[in-house]
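Structure, as structure tokens:
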Amino acid sequence: MSGSETGLVPGPSAASITTPTKRAAFAVSAEAGPSRARPAGASPAYSSRRHSLYGIEDRVVIDPGSRIWKVGFSGEPEPRFVFYALDEADSVDTLSTEAWDLDISRMRGVNGSRSEGDRLVGVRVIKKLRETFVRHLMTDPKARKIIILENTYLPIGVKEHIARALFDNLQVPSVSFTSSSLLALAACGRITGLVVDIGWLETTITPVYHSRPLYTLAQSTPSAGRRLHNHLRTLLHHCAIYIPPPSSLGDIDDRPRSPGVPQDILSDHFIETVLTEGCFVEKENLALEQDESMDVDTEEHSSPNLWEDGDSTRIAKEWKRRYENSSSAKAMSFRLSTKANLGPATIIVPGWIRERVAEILLNDEDGSEDRSVPTLILDCLLKLPIDLRSTFISSLLVAGGTASLPGFIPRIRVSLLHHLLPPPLSMNEPIRSPLNTLAGRKEETSLWRKRNQEPYQEIYGLASKLAIINDPAPLDGSEGFNGGKAPRWSTGLMSWVGGSLAGSLKTSSQEITRESYDTLVSISSSRGEIYKEELETSEVEVAATTGIDIEELKVGQALNDELGLGRRRGWKENAGLPDWSRAVKV
């Protein structure tokens with residue numbers, strides 16, 4: 001894997017003019033950041049760094065997520081603006097919360113059409129990029145180099161739409177697609193680590209070794225933010241207490257309480273409010289009885305309004321039976337303002353929902369093929385070379401907005417230790433037979449076979465080296481020597497902060513200039529025209545040789561090539577952008 005493809009390489013500056021700074025003003029705001037209170041006074045981003053007026057050295061850093069976009073200038077401690085990737089009107093029309101999906105044909109509002117989904121993604125990308133420069137950053141895109149934070153499994157179609165919009169529509173001079181996992185490590189001052197990015201559509205585990213993302217060893221699971229939101233909506237719909245708004249002044253203190261919240265009240269904004277203000281993750285992993293395991297299958301592309309009522313009711317009842325009696329958290333009430341009534345409605349969220357809703361991401365449920373986050377980390381460690389496992393397990397980094405839940409990172413550490421430590425021997429086992437006897441050898445063989453069937457027995461010795469570098473509550477002693485040493489950046493902003501740092505140091509991945517992009521598109525178009533001519537010629541030759549017209553073939557004959565026609569594969573015009581699926585294998 002060459003350094004010019006994935007690593008950070010220095011790039012030439014755009015001009016000889018540097019952006020003027022006021023060191024005294026910038027030093028006063030050094031403590032400001034995403035996790036610290038900003039001092040009173042003017043923002044250092046405006047008082048000390050006047051990007052639009054005095055220079056073009058600072059690059060524009062864009063983190064395009066499927067649900068949340070973060071944009072700003074390099075050299076700043078936090079993004080200028082954070083906004084949703086989908087407008088409210090578009091979200092209401094399509095009943096969706098993300099601008100694109102992992103499978104374009106399964107997006108809402110496209111009726112299974114990949115072409116319509118691709119067109120819709122292109123329209124949304126162009127619209128958001130225009131808003132970024134015109135409304136939010138208020139700068140000329142023709143004079144700014146762009147750094148795009150690229151997720152590990154960002155669809156190549158979305159990447160092509162971003163490049164096409166930036167080069168053809170906004171006329172930017174250059175674009176650098178840089179790995180978000182690498183930039184998250186850069187924000188922590190590291191070049192090697194195992195990055196756990198818990199996003200909206202999926203959770204990805206990407207090993208980065210000496211600034212080289214090992215894409216072929218990466219892992220992913222749909223257990224991420226969207227699944228957590230859908231699961232919380234299901235639990236609130238069936239298990240929360242709903243108090244309707246008063247219809248008159250006499251009903252303020254005497255309102256009925258009904259179990260379950262209507263679906264039309266559970267908007268995405270309210271679910272986000274409950275999750276961010278009221279939910280947390282239990283610090284300890286309470287041991288549950290084996291007979292209480294649930295057979296719950298939560299399909300990733302499902303949502304509660306698409307589930308059958310019986311399935312959602314069964315899921316809610318199973319979770320309530322499992323966690324209600326073991327929870328010590330208190331219930332929390334939320335108010336919803338209404339226009340037609342005299343007061344707000346009240347929703348009481350039980351304590352066990354606040355405490356245990358994130359278990360959908362941390363535990364492997366029976367009947368579900370999707371892996372939990374701890375299991376995904378361990379599977380990625382098993383896939384790594386043996387000599388790198390110790391290095392990566394001592395440099396875990398958890399990023400992503402979903403990981404900002406209180407207690408989420410310590411709970412991941414506890415779950416990993418639970419899997420990495422060998423299970424204790426049962427107290428009910430019979431007394432061991434004497435050594436060097438037939439019965440003793442049989443018991444040793446049985447014990448060896450039992451231990452050999454454990455999935456993670458190869459990495460049991462790595463338990464003492466486990467460390468999460470951004471752990472808010474690291475272990476004491478030598479075991480946690482490497483944990484908690486990362487700066488206290490918010491997990492959702494960590495990748496963007498790394499991109500800001502890379503832009504200020506004039507380093508990024510390989511830059512794609514507008515001239516090289518136009519050249520690649522021209523070459524691709526020329527090859528497409530040549531292919532089209534060859535295809536037409538071959539169709540004429542086949543029709544003359546076999547006497548069969550291509551358009552008259554029956555279903556399956558062209559696909560299986562039953563007649564030996566030797567048809568060529570299709571052609572798709574692209575600009576030859578770097579793709580993770582074409583990375584060099586390690």
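The values are calculated or read from the model by the stated rules, or taken from the named source; none is laboratory data. None of these values were measured; they are calculated from a predicted model. All Cβ positions, glycine included, derive from the backbone under ideal geometry; neighbour counts span all protein chains shown. Each accessible area value is taken on the protein alone, full model and side chains, heavy atoms only, with ligands, DNA and RNA left out. Shrake-Rupley method; radii C 1.70, N 1.55, O 1.52, S 1.80 Å.
Please go through region 55-106 and give me each residue that is touching a strand residue (DSSP E or B) at 6+ places or on another chain (Cβ under 7 Å), open to solvent by less than 20 Å² (accessible area, probe 1.4 Å) and among the acidic types (D, E), ordered by number.
D58, the sole residue that qualifies.
When you scan region 507-526, do you find a residue that is modelled with pLDDT under 85, open to solvent by 10 Å² or more (accessible area, probe 1.4 Å) and within 22 Å of R59 (Cα to Cα), even just one?
yes
Restricted to region 256-289, and to residues that are at pLDDT 90 or above and in contact with a Gly (Cβ under 7 Å, 6 or more places away or on another chain), which residue is farthest from P245 (Cα to Cα)?
Top of the filtered list is V281.
Restricted to region 125-147, and to residues that are open to solvent by less than 80 Å² (accessible area, probe 1.4 Å) and either among the acidic types (D, E) or in a loop (DSSP other than H, G, I, E, B) (or both), which residue is farthest from A165 (Cα to Cα)? Break it down into steps so the answer makes sense when it comes.
Applying the first criterion (open to solvent by less than 80 Å² (accessible area, probe 1.4 Å)) to region 125-147 yields 125-126, 128-129, 131-133, 136-137, 139, 141, 143-147.
After this cut, where a residue has to be either among the acidic types (D, E) or in a loop (DSSP other than H, G, I, E, B) (or both) as well, the list is 131, 139, 144-145.
Numbers: E131: 12, T139: 16, R144: 14, K145: 14 Å.
Checking each candidate, the answer is T139.
Can you spot a residue in region 248-260 that is in contact with a Leu (Cβ under 7 Å, 6 or more places away or on another chain), over 19 Å from S96 (Cα atoms) and open to solvent by less than 30 Å² (accessible area, probe 1.4 Å)?
No; the residues of region 248-260 include none that is in contact with a Leu (Cβ under 7 Å, 6 or more places away or on another chain), over 19 Å from S96 (Cα atoms) and open to solvent by less than 30 Å² (accessible area, probe 1.4 Å).
Restricting region 261-279 to residues that are open to solvent by 40 Å² or more (accessible area, probe 1.4 Å) and under 19 Å from the mean Cα position of the chain (by Cα), which is farthest from N230 (Cα to Cα)?
Out of the qualifying residues, it is T276.
What number of residues in region 485-503 are crowded, with 18+ Cβ neighbours inside 10 Å and at pLDDT below 90?
Of the residues in region 485-503, 2 are crowded, with 18+ Cβ neighbours inside 10 Å and at pLDDT below 90.
Looking at region 100-114, is at least one residue under 25 Å from S490 (Cβ atoms) and among the hydroxyl-bearing types (S, T, Y)?
Checking region 100-114: not a single residue is under 25 Å from S490 (Cβ atoms) and among the hydroxyl-bearing types (S, T, Y).
When you check S96 against the structure, is it within 23 Å of the chain's Cα centre (by Cα), of a type outside the set (D, E, K, R) and not in a loop (DSSP other than H, G, I, E, B), yes or no?
On the way: within 23 Å of the chain's Cα centre (by Cα): yes; of a type outside the set (D, E, K, R): yes; not in a loop (DSSP other than H, G, I, E, B): no.
It is false that S96 is within 23 Å of the chain's Cα centre (by Cα), of a type outside the set (D, E, K, R) and not in a loop (DSSP other than H, G, I, E, B).
State the number of residues belonging to region 107-124 that are in contact with a helix residue (DSSP H, G or I) (Cβ under 7 Å, 6 or more places away or on another chain) and open to solvent by 80 Å² or more (accessible area, probe 1.4 Å).
Selection size over region 107-124: 2.
Scanning region 465-484 for residues that are at pLDDT 85 or above and open to solvent by 20 Å² or more (accessible area, probe 1.4 Å), which turns out farthest from G189 (Cα to Cα)?
K465
Counting only residues that are open to solvent by 10 Å² or more (accessible area, probe 1.4 Å) and modelled with pLDDT under 90, give me the helices (runs of 4 or more DSSP H) lying completely in region 318-396 with at least 2 of them.
none
Of all residues in region 148-179, count the ones that are in contact with a strand residue (DSSP E or B) (Cβ under 8 Å, 6 or more places away or on another chain) and open to solvent by 10 Å² or more (accessible area, probe 1.4 Å).
Summing the residues that are in contact with a strand residue (DSSP E or B) (Cβ under 8 Å, 6 or more places away or on another chain) and open to solvent by 10 Å² or more (accessible area, probe 1.4 Å) in region 148-179 gives 5.
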